Amino acid sequence: MKRRLLRIAAMKRPLLRIAAALCAAQLLAASGIAGDDPADGAARAATAADTAAGTAAKAESASAGQPTAVQAQKVRHPEHAPLLAAARAGGRLVVVGDFGTILLSDDDGKGWRQAQSVPTRATLTAVEFVDERHGWAVGHGGVILSTDDGGEHWSLRHEAGSDVALFSVHFGDLRRGLVVGSFGFASRTDDGGATWHRVQLGDQDVHLYQIFSDSRGATWIAAEMGTVYRSDDGERFERVEVPYSGSLWGGMATPDGSILLWGMGGTLLRSPDGGRSWRPTSTDTQNPITAGCRLPDGRLVFVGLGGTVLASSDGGATVSTEIRPTRHAYTAAILARGKPLLFSLAGVEPPQP
């Protein structure tokens, strides 16, 4: 009931996007960056306020006789836009962020341009490609977009609801997919996005932050309040116990079969046995960890807020920690030209020599 009241209270606030909500639609507002308290009411209210702002913008357009599926705004320097997630579509890099921004690079990050057609100005929080042509992106307002030409043109396939913020999307093939988001929302499709059906993961309405798969084909979901779900068939999920009660923002499987989870307070957890046991990795930072990627030599790189960059050569068992002077809020990392290319709320990070 308290969470529902927070939603209603947020809707009554002035529909202005303050800087914190603008730049951190997924991270600062939705994930409780104001503190490591998983029940941070202010953060949850900010999520609802941001969604309400988007809903109001649609209503204003409709009342003015304009179509509600507005196109993303084209800007002169899109590489400086707040960016939240990145994926590879064959040889192309695809990055998504605020106001429906979708950036493309065909030269491993040397040059960037906006996608030709994106039918939304909602904050896009996640992107994934099944192959070099077919991809999906999700975001606030429950928007689900798809592309079949490598990200040049996108179609609005579904809107899960104005009060839904989607944080992650995962497709096992061209037909079967899963999206998750705020307050326990989860929905799946078995027909390539033509229809979507709600999925009940548990009895808690925790924010569900990232979906990832392991080498055995299992599907994992990292969430807040130390909540982790696992499924062998992508339909029936069971909760996995972890020695942490704060928000977990993401995870990945390593080549040796280990599972890594990361999140608030510099938390990095490692399981060498499929989630039966977990060992915390010392990171020497309290900054939240937001994303990770694997380099060709097997090393792992993790990034986070406050300029945090972690590196590991032993599958995440130990890490070295760097706090970069820019203190950028890193949100994504992807392999490009053999090195990690980083993205933040300040845009594309120029590669270090």
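The values are calculated or read from the model by the stated rules, or taken from the named source; none is laboratory data. Since the structure is predicted, the reported quantities are computational estimates derived from the model, not experimental observations. When we count neighbours, we look across all protein chains shown, and the Cβ atoms used for this are built from the backbone with ideal geometry, even at glycine. Note: areas computed on protein heavy atoms with side chains; ligands, DNA, RNA excluded. Shrake-Rupley method; radii C 1.70, N 1.55, O 1.52, S 1.80 Å.
Extension gain, His153 to Asp232: 0.36 nm times the residue separation minus the Cα-Cα distance gives 25.1 nm. Per-residue SASA remark: His80, around 120 Å² accessible (1.4 Å probe; ligands, DNA and RNA not included). The distance separating the Cα centre of region 158-178 from that of region 224-296 comes to 21 Å. When region 245-326 is described by a simple charge dipole with +1 on each Lys and Arg Cβ and -1 on each Asp and Glu Cβ, the residue from Asn287, Trp249, Pro325 located farthest towards its positive end is Trp249. Ordered by 1.4 Å accessible area with all protein chains kept, Glu235, Glu152 run largest first as Glu235, Glu152.
Summing Lys, Arg as +1 and Asp, Glu as -1, what charge do residues with Cβ under 10 Å from the Cβ of Phe343 carry, Phe343 excluded?
-2
The protection proxy used here, the mean number of other Cβ atoms lying within 10 Å of each residue, ranks peptides 169-175, 85-91 as follows, highest first: 85-91, 169-175.
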